[in-house]
Amino acid sequence: MFVLIVGGGKVGSYLTRALLAQGHEVVMVEQQERKARMLEQLIEQRVTVIGDGCDPLVLDEAGVARADVVVADTGDDEDNLVVCLIAKKKSKARCIARVNNPANKMIFESLDRENPVTVISSTEIILDVLSKSITASAST
Amino acid sequence: MRYLIVGCGRVGSTLAKLLDADGHQVIVVDENPGAFKRLGQKFKGHVVVGTGIDYDVLKRSGAATADGFIAVTNGDNRNVMAALIAQRMFDIKKIVARIYDPTRGLMYRDLGIETVCPTTVGAKLIRDMLMEAPWDTLQSFDFGKVTSLTATVRASESGKRVSELERPGRIRIAAVRTGKTVRVAADDTILSEGDEINAIVAPDAISEFAQMFQTASPARMSA
């Protein structure tokens, strides 16, 4: 599987390493050269494209057209949204996006009804866990 | 009308003042409270501190009852996201977003959001100044791929047929105005000095078009 990861922060870097270890092909797009080189030194492999992952030309260079999965995991919802918008235009890839504000989920999901973007909101996951533990403690 | 403007920079604040002066109800949203200084003392509209890509902030700003929504923060990505929230969560009918990147601007057109690209508009204005353009740029399509221009027929073109001035696939004369009469141009329409023509011009034919209406013009050369 070819996975394109946009955003080379902690999530993006760990994801890249894990997917490579599983034998997948990975390209990571990161704007800051320092972050990209740090990962490459660690894994002793060239896997990054340096540039703005919200720029269609950069995504072309990274091979978006043949991606099976595009992961938008920058720290900003608006940037992740644009990555998904471009990926939907240029490929048939499954899109996975990180979202900070759970209220923004619906916007991501509205981009493509047939092949919806998978939205991961850590805020929502934590809220979910909290509400379950509250229910559990209330019932005991 | 009720307008919601996201981003109180130079464009946002200027637009807010224009709409306010025209009697509209204007609400401006910006993350930085200091930005509202640009609105000046006379501004009668409302301001809301917050980010324009947050449902709750937009709701508090009256997005549910807005007639128009304008996204002019300094981030292209934020503008398209704010515009999508306005369109899909608040069902605002008229939405305009500023997008500096022409490639992305074109892409967003399919989303039903109108985009303004200052990059294309600015570059074309400068090009027209450089060429001392003998035309008025009316409108451009597809971010400058095709432009609609008007120019005045000089003595040197007087008596020529429309087809003589056209270049297949590159310059097409659409309409001719003689005095107060406008007609759709035909191949054999004869042009007279002083007629105003409206042409659709491809980007690679702009300078050719400029020469046609400029170099042979005695009036312009003496000026």
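Summary of computed values
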{"item": "Failed item, numbered, when B:R38 is tested on (1) assigned to a helix (DSSP H, G or I); (2) in contact with a helix residue (DSSP H, G or I) (Cβ under 7 Å, 6 or more places away or on another chain); (3) open to solvent by less than 50 Å² (accessible area, probe 1.4 Å)", "result": "(3)"}
{"item": "Breaking point among (1) more than 8 Å from chain A (Cβ to nearest Cβ); (2) among the β-branched types (V, I, T); (3) open to solvent by less than 10 Å² (accessible area, probe 1.4 Å); (4) touching a residue at least 24 places away in the same chain (Cβ under 8 Å), for B:T120", "result": "(3)"}
{"item": "Answer from B:I99, B:I95 - the residue that is within 30 Å of B:F209 (Cβ to Cβ), of a type in the set (V, I, T) and within 14 Å of chain A (Cβ to nearest Cβ)", "result": "B:I99"}
{"item": "Of all residues in region A:100-126 being in a loop (DSSP other than H, G, I, E, B) and not polar (S, T, N, Q), the one that is farthest from B:I53 (Cα to Cα)", "result": "A:E114"}
{"item": "Condition check for A:L81: assigned to a loop (DSSP other than H, G, I, E, B) and within 25 Å of B:M81 (Cβ to Cβ)", "result": "no"}
{"item": "Scan of region A:103-118 for residues that are farther than 14 Å from A:L85 by Cβ and touching a residue at least 12 places away in the same chain (Cβ under 8 Å), ordered by number", "result": "A:K105, A:T118"}
{"item": "Meets criteria (of a type in the set (A, V, I, L, M), touching a Lys or Arg at 6+ places or on another chain (Cβ under 8 Å) and open to solvent by 40 Å² or more (accessible area, probe 1.4 Å)) for B:V11", "result": "yes"}
{"item": "In region B:49-86, residue farthest from B:V28 (Cα to Cα) [restricted to those that are surrounded by fewer than 19 Cβ atoms within 10 Å (Cβ to Cβ) and of a type in the set (A, V, I, L, M, F, W, C)]", "result": "B:A64"}
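The rows are residues; the columns are (1) within 30 Å of B:A97 (Cα to Cα); (2) away from chain B (no Cβ under 11 Å); (3) in contact with a Phe, Trp or Tyr (Cβ under 7 Å, 6 or more places away or on another chain); (4) open to solvent by 50 Å² or more (accessible area, probe 1.4 Å).
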{"position": "A:K35", "(1), (2), (3), (4)": "no, yes, no, yes"}
{"position": "A:E44", "(1), (2), (3), (4)": "no, yes, no, yes"}
{"position": "A:V49", "(1), (2), (3), (4)": "yes, yes, no, no"}
{"position": "A:G53", "(1), (2), (3), (4)": "yes, no, no, no"}
{"position": "A:E61", "(1), (2), (3), (4)": "yes, yes, no, yes"}
{"position": "A:V71", "(1), (2), (3), (4)": "yes, yes, no, no"}
{"position": "A:E78", "(1), (2), (3), (4)": "yes, no, no, no"}
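The values are calculated or read from the model by the stated rules, or taken from the named source; none is laboratory data. The shown structure was predicted, so the numbers you read here are calculated from the model rather than taken from an experiment. Every residue, glycine as well, gets a Cβ built from its backbone with ideal geometry; the counts of neighbours run over all protein chains shown. Surface accessibility is based on the protein's heavy atoms, side chains included, excluding ligands, DNA and RNA. Shrake-Rupley method; radii C 1.70, N 1.55, O 1.52, S 1.80 Å.
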